[in-house]
Structure formats: structure tokens, C-alpha cells
Amino acid sequence: MTRKSLFASLRMALTLAGLVLSVSLTARGDGYVIVGNGDDGSDLEAAIKIESGPIPMARDKAVTLLEKLNVVGIPGLGNLIPEVQRSPLFLAKEDVISSLKSDRSNFHSDVSGKVFARTLAQPYASTRFFPISTRLEESQLIALHIHEGLHRALPAEYRQDENVVSEITLAITSPQASHDNVKETTQKHIRENDIRYSSPTLGGYGSSLPSVSGLGRERLSRPSSVGYSLSQYWQGGPATFSYVDRLHVIHSDLYPFGGVDTPFGLGLQMSAIEGPASGLTMGPLGIAVRLRAWSIRDFEIGIFAQAAMNLLSANERQVTGFGRDVFTAGVSMRKTIDRFYVENFLSVTLPGRSDYSFPSVGRAGGSQPLTYVYGTAVNAKIRTGYRSSTLEVGAFVDLYVVDNFQINSANFNKETGRFKLASIGPEASMRFDEVTVSIFGRHILSTDREVNFDYLGNILQTGAAQGSVGASVAVSF
Amino acid sequence: MRILISVLFLLGLTGCAEFLKDTKNPVTTSLEFPVTEIKLLVRGVGNMYEPSTYGQLIYTINDNQQLLLRYEKLKEYFGSISTDGGKKVEFQINLASDTTEDLSRLQLCPVTRNWTMHATWQRAHPFGADGVWSKEGGDYPLADCVSTVKEGLRLKYDMTSWYVNFARGQSQNLGLLLVSPVTIRIAGDNDPSSAPRIFFQKWVN
């Protein structure tokens with residue numbers, strides 16, 4: 001660090017310390033203050049939208065700073081980045097003299113009483129800057145953006161408390177700021193039980209089944225989603241028998257039950273299987289029940305049960321081998337550490353069976369169906385990766401241990417015995433407001449007995465053949 | 001008491017009659033069925049669902065194309081098929097069009113590796129490493145192949161020896177493979193009236 005930048009940092013720190021001290025003294029005398037537009041007429045003057053210039057540039061740097069500090073992972077600050085990022089900015093034509101209690105904070109007005117900026121202490125409210133704010137330095141504008149954002153992002157009980165907002169602002173904008181410092185300052189004021197989370201999570205559809213990771217803390221106030229996913233499978237070898245090319249899934253996950261921190265809901269998945277032999281046929285109907293059970297020491301613990309029901313009637317020939325009912329239940333644990341997340345799954349899938357008929361055998365008789373008998377499967381999965389407020393990039397390792405797999409027909413009987421199947425794959429998600437776009441893949445890492453995903457018979461969860469690539473788009477609400 | 005003795009006597013006579021009928025005068029009936037599993041193996045085609053390899057009106061057999069055949073329910077008749085007194089287990093295949101080719105080498109051979117309708121030139125089935133033919137195009141002992149007897153467009157194969165030694169003898173119906181060094185065209189399974197068929201005699205009593 002150069003001497004010049006050191007002095008600049010010290011000057012900034014002293015300025016902010018002075019601001020906070022005066023705010024604290026002011027607020028201590030009056031209790032908490034109200035932030036927002038007054039009814040004194042001072043806000044009725046015209047304002048123009050700010051599209052460019054130092055104020056939006058400072059906002060971008062504020063967002064960068066917040067991402068660097070990973071405030072998403074701090075209880076109570078999950079909404080801060082979207083609030084800073086998305087608040088419409090306006091510039092008033094004339095300065096106003098502070099007349100509201102809220103304006104008495106040094107983050108809101110200068111020593112002469114002119115107001116820098118105002119916002120309404122509600123989510124998604126706009127921020128109105130006054131001409132005097134254009135004289136502020138960039139670092140001060142950054143602090144101002146964060147300060148106003150905190151007024152909108154903090155839990156309702158705290159967002160109007162100038163003491164709390166000012167201290168957290170200082171913790172974030174301090175030259176020595178770190179994730180732990182900000183977290184400590186925030187936790188000093190905000191009780192865990194008062195936190196309401198509201199930004200949508202990412203990467204919920206890394207597989208074609210709704211992920212329990214979707215119950216992560218950032219998504220708790222908007223846990224429901226609807227979307228579409230497409231998976232493309234590759235045969236990759238002669239020993240696959242499903243011969244499925246693609247899987248289309250339309251999903252809808254609704255969480256009407258449970259508390260804010262423990263949503264409980266139902267997910268439905270309508271699927272269609274596409275293959276060279278089968279054409280486009282109805283796939284399984286996925287039904288998933290998920291509950292974010294509890295949170296302890298930043299661990300998110302969820303439980304889930306999933307069923308994939310065969311929708312084909314007795315008259316319809318099962319030409320894919322995936323006409324089985326699949327029942328799975330398990331637990332998930334997720335921990336977010338700064339910019340990284342780790343998520344573990346452990347689940348059990350019950351045994352099942354499906355009858356398969358070779359497609360379109362000649363009219364002379366037709367072949368007898370093969371019966372696939374699937375054994376009990378135990379699954380352990382680890383997801384990990386990097387995350388920011390809008391991006392999540394990671395990978396997973398997935399291990400299945402299956403009791404047995406049998407093929408039975410009038411003249412052909414075979415079984416694999418106990419086998420294991422390990423797979424690996426990348427996952428990436430990008431969020432655009434309420435819309436999340438994901439891409440994902442899966443490939444066999446290790447196996448024995450020449451098995452592949454066809455032997456699991458669970459196309460909604462693990463896919464088919466030798467592996468897959470896919471993409472999904474989902475809207476959270 | 002007399003009534004009881006009379007009843008027992010009548011029952012005894014009936015039992016003897018049944019015994020005599022079974023041993024001295026056995027009755028058989030002729031049965032014929034279309035072959036239910038037919039799969040064309042084509043050199044160079046690894047797609048098990050290649051549409052031209054099943055459910056066709058006509059199959060072309062030659063050096064690069066061989067035909068798997070199996071009547072799946074044959075196992076149900078293992079205990080009741082008669083091969084006594086010259087009774088045969090016979091397969092009949094119809095030519096799609098007459099030919100002047102020498103058909104003596106158009107042979108029907110016992111298959112020695114189990115297969116499914118997924119079979120291709122390289123694989124008997126997709127379920128594991130043992131699904132690969134040891135010899136591309138299908139595993140069969142050449143010495144046990146049977147040549148045809150041609151009657152018009154109809155090709156007849158006496159597969160009694162195959163039934164006795166391979167199917168019933170090993171209690172496993174692995175089916176047959178039609179091989180030919182010359183190109184012929186045969187009627188396929190998409191026309192029930194001319195599809196390949198199996199004929200045998202079954203005990204009635």
C-alpha cells in the first residue's frame with residue numbers, strides 16, 4: 001500500500017468514525033429515527049433518474065465490496081446486495097435542509113443540515129439523492145449506497161434503527177473490513193430469530209430433480225419456483241439399453257406450509273422421454289415433499305421424500321425401461337463458508353421393477369417383455385463450489401451402492417449382484433432477478449460390473465445411459 | 001360292503017384303461033407357431049434399435065447379415081414335445097422370391113450364447129461384459145448347423161437334433177441363427193401368414 005493510499009484510507013476511516021459517532025450521539029438522545037420521505041413538502045420537488053455518473057459507478061463498487069465480503073452468507077444481510085443493486089436512483093433538483101429525524105444522521109446530511117439522500121425503509125424502494133451528494137468522494141458515496149441499502153434490507157425491526165444501520169455500515173466500509181467483522185457486528189444487534197431471508201437461491205436444478213439445496217437460507221421467503229429443464233444423454237458405449245436421447249421436465253415447487261424459516265412444500269415434475277426407438281413418450285411423474293427442518297451453527301438441515309410414478313397404463317407398452325415407481329427419502333446438510341458452499345445428501349431408494357417391451361416387434365407374435373428388477377439403492381452425494389450473489393459454480397460427486405439388478409424373461413435371466421456407481425459433474429447457475437438459469441452435467445467416474453445409469457432406473461434423479469448434459473430455467477416466487 | 005367293493009372295482013378298471021391308453025395308444029397333436037423373436041444382425045450396425053433389423057416384411061441374408069430366430073414359449077413344451085417315430089421339430093422359412101442360388105449353404109444353426117432383441121452384430125445383449133459375441137455375427141457351432149430342404153418357396157429345416165441336444169437337453173432355448181454365404185431374401189415377421197414358423201408334435205394325453 002502506498003503512502004498516499006494509506007492516508008486516504010485513514011482519512012476515510014476517520015471521516016466514517018466521526019459520522020458514526022455523531023449518529024450514535026444523535027440517536028442515543030432520541031431513540032431510533034425514522035428514515036423516509038417526509039410530509040413537509042421538501043420532497044415534492046422534481047427529480048430525475050440517474051443513469052450514469054459517479055453515483056451509479058459508486059453503487060457498482062459498493063456491490064463489488066459487498067460481494068467481496070460475502071454478506072450474502074451473513075444472517076440478516078442476505079438482501080443487502082439486491083437492495084443496493086436494484087434500487088432506482090433519482091437526483092432531486094434542489095437541496096433540502098434536514099427536517100426529519102431520519103435526516104439527522106451524518107450519513108444522511110452534512111454539517112449545514114443539507115440532506116445527502118433519502119430512501120423509504122421498505123424493500124425495493126428508490127433512493128433519492130440531493131445535489132449536495134455530488135460533492136461527496138467516491139468512498140463516501142459507496143458508504144451512502146450501503147447505508148441506504150441497509151435501511152431497506154435489514155429485518156423490519158431493525159431497518160429504521162439508525163444506530164444499527166450506521167454501525168453495520170461502518171463495519172462494511174472500514175478499511176479493515178472482513179466477513180467475520182461484519183458478521184460479528186451484525187450479530188451484535190440482530191437476533192437470529194428475527195431474520196427473514198428473501199433473495200432466491202441458485203443452482204437448485206443442478207440435477208433434473210428439485211434439489212433440497214433449494215431450501216438454502218437465502219431463498220426462504222421465496223422458496224417456490226416453476227421452470228423447465230432439458231437433459232441430453234449420451235450412450236457412450238454399447239452396454240446401455242435404455243436408448244433414451246432426451247428428458248424434458250416441467251416442474252412446479254410450491255411451499256405453502258411451514259414457518260418462514262422452515263418452509264414445507266410439494267414439488268411436481270411432469271416429464272417426457274425422447275428416444276430413437278420410443279419417440280416422445282410420457283415419462284415419470286415426480287412428486288417431492290421437502291422440509292427445511294432446522295438450522296444450527298450455520299448448517300441448513302433438510303429432509304425430503306421423492307416419488308417418481310410411472311404414468312403408463314397397462315395398455316401402453318413400456319419401451320424405455322423406466323416405467324417403475326421410485327421412492328426415495330433422505331436428509332441434506334448445507335454449510336456456506338464465505339464464498340464457498342458444501343452440501344451433503346444421504347438417501348435411500350426402495351427396490352422396484354418395470355416391464356420392458358422391445359418396440360414395434362412384428363405382427364407375427366411379438367416378444368415377451370423383459371422384467372427389470374431394481375434393488376435397494378443407497379446414495380451419498382457431495383456438492384461444493386463457489387458462490388456470489390448472482391453466480392454459483394461448483395461440482396458434485398455422487399455414489400450409489402445398489403443391492404442388485406435383475407433382468408428376467410422367458411428365456412433370459414441375469415443379475416448383476418451388488419454394484420456401485422460413482423459419478424461426477426459440473427453445475428453452474430446464474431441468477432437474473434427472479435429467474436435462475438442453470439447448466440449441469442453428469443458422467444460416470446467409476447463403476448463395476450459394466451453398469452451405467454440405466455441400471456438405477458431413476459431417470460428423474462440420475463438420468464440414463466453413460467451421462468448427461470442439461471440446462472434449466474426457473475422462476476422463483 | 002358289496003357296493004363299496006363294486007365302486008373300487010370300477011375305479012380299478014378305469015385306472016387300467018387310462019394306463020393302457022397312455023402306454024399303448026399315445027395321441028399327439030400337431031402344433032405350429034410363428035417365431036416370436038426375429039432380429040437381423042448387420043455387420044457394422046451397433047444400434048440395437050435400428051428399425052430395419054426387426055419387424056420387417058422381408059429380410060436379406062448374406063455374408064454381412066444373419067438372422068436370429070426364437071420361439072420364446074418353446075420352453076413351456078419341453079416336457080410334451082414328441083420326437084418318437086420320426087416326429088420332427090421343424091422350422092419353415094419362406095423365400096420372399098424364388099432364387100436359383102445354391103441354397104445348400106443356407107443353414108440354420110444352434111445359438112450358444114443367450115441373447116435378447118437388443119442383439120447386434122457385436123453383442124448378444126447389452127447387459128454386462130458377457131453380452132459380447134465371442135465371434136462377431138453370433139456364436140454357433142458350425143458342425144451342428146442344418147441345411148435346408150427346398151419345397152417351392154418354402155425352406156424346411158429339421159431341427160429335431162437341435163431341440164433334443166441344445167434346447168431340451170440343456171433346458172435352455174437360445175434360439176437359432178440363419179446364415180448364408182449367398183444373398184437370399186426371406187419373408188419377415190411383419191406378415192403373419194408367411195413369417196418363419198416352428199412345427200412340432202405335442203402329446204395330448
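The values are calculated or read from the model by the stated rules, or taken from the named source; none is laboratory data. Because the structure is a prediction, the values reported are computed rather than measured. As a convention, Cβ positions derive from the backbone with ideal geometry for all residues, glycine included, and neighbour counts pool all protein chains shown. Ligands, DNA and RNA are excluded from the accessible area calculation, which covers all protein heavy atoms including side chains. Shrake-Rupley method; radii C 1.70, N 1.55, O 1.52, S 1.80 Å.
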Filter result for A:Arg431 (among the charged types (D, E, K, R) and closer than 30 Å to B:Gln172 by Cβ)
no
Report, by residue number, each residue of the stretch B:76-133 that is farther than 17 Å from B:Glu37 by Cα, open to solvent by 10 Å² or more (accessible area, probe 1.4 Å) and within 10 Å of chain A (Cβ to nearest Cβ).
B:Gln122, B:Ala129, B:Asp130, B:Val132
Determine the pairs where a residue that is at pLDDT below 55, located within the stretch B:13-42, has a partner that is open to solvent by 60 Å² or more (accessible area, probe 1.4 Å) with Cβ atoms under 7 Å apart, the partner being 6 or more residues away or on another chain.
B:Lys21/B:Asn205; B:Asp22/B:Asn205
Might you check whether a residue that is over 22 Å from A:Val326 (Cα atoms), in a strand (DSSP E or B) and at pLDDT below 90 occurs anywhere in the stretch A:392-400?
yes
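Take A:Ala395 and decide whether it is of a type outside the set (D, E, K, R), touching a helix residue (DSSP H, G or I) at 6+ places or on another chain (Cβ under 9 Å) and in contact (Cβ under 8 Å) with a residue 24 or more places away in the chain.
Spelling it out, it is not the case that A:Ala395 is of a type outside the set (D, E, K, R), touching a helix residue (DSSP H, G or I) at 6+ places or on another chain (Cβ under 9 Å) and in contact (Cβ under 8 Å) with a residue 24 or more places away in the chain.
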Across (1) touching a strand residue (DSSP E or B) at 6+ places or on another chain (Cβ under 8 Å); (2) surrounded by 18 or more Cβ atoms within 10 Å (Cβ to Cβ), A:Ala47 clears everything bar (2)
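Assess whether A:Tyr455 counts as being within 14 Å of chain B (Cβ to nearest Cβ) and in a helix (DSSP H, G or I).
yes
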Filter the stretch A:335-358 down to residues that are modelled with pLDDT under 85 and open to solvent by less than 10 Å² (accessible area, probe 1.4 Å) and give me whichever is farthest from the other protein chains (Cβ to nearest Cβ).
A:Tyr356
Out of all the residues in the stretch B:154-176, is one or more in contact (Cβ under 8 Å) with a residue 24 or more places away in the chain, polar (S, T, N, Q), within 11 Å of chain A (Cβ to nearest Cβ) and touching a Pro at 6+ places or on another chain (Cβ under 7 Å)?
no
Determine which single condition A:Val469 fails, assuming it passes every other condition in (1) open to solvent by 40 Å² or more (accessible area, probe 1.4 Å); (2) not in a strand (DSSP E or B).
(2)
Residues of the stretch A:133-163 satisfying the condition of being open to solvent by 30 Å² or more (accessible area, probe 1.4 Å) and part of a loop (DSSP other than H, G, I, E, B)
A:Leu136, A:Glu137, A:Ala156, A:Glu157, A:Arg159, A:Gln160, A:Asp161
Mind checking which residues of the stretch A:177-196 are modelled with pLDDT under 85 and not in a helix (DSSP H, G or I)?
A:Ile190, A:Arg191, A:Ile195, A:Arg196
Filter the stretch B:153-201 down to the residues that are polar (S, T, N, Q) and either open to solvent by less than 10 Å² (accessible area, probe 1.4 Å) or assigned to a loop (DSSP other than H, G, I, E, B) (or both) and list them by number.
B:Ser171, B:Gln172, B:Asn173, B:Ser180, B:Thr183, B:Asn190, B:Ser193, B:Ser194
Scan of the stretch A:253-282 for residues that are open to solvent by less than 40 Å² (accessible area, probe 1.4 Å), more than 14 Å from chain B (Cβ to nearest Cβ) and modelled with pLDDT of 85 or more, ordered by number:
A:Gln269, A:Ser271, A:Ala272
Report yes if some residue within the stretch A:414-428 is hydroxyl-bearing (Ser, Thr, Tyr), outside any strand (DSSP E or B) and out of contact with any His (no Cβ under 9 Å at 6 or more places or on another chain); otherwise report no.
yes
Check whether at least one residue in the stretch A:33-47 is modelled with pLDDT of 75 or more and farther than 22 Å from A:Asp161 by Cβ, and report yes or no.
yes
Any idea which of (1) within 15 Å of B:Tyr163 (Cα to Cα); (2) without any contact (Cβ under 8 Å) to a residue 60 or more places away in the chain is the one B:Asn64 doesn't satisfy?
(1)
For the subset of the stretch B:134-152 comprising residues that are among the acidic types (Asp, Glu) and more than 14 Å from chain A (Cβ to nearest Cβ), which member is surrounded by the fewest Cβ atoms within 10 Å (Cβ to Cβ)?
B:Glu151
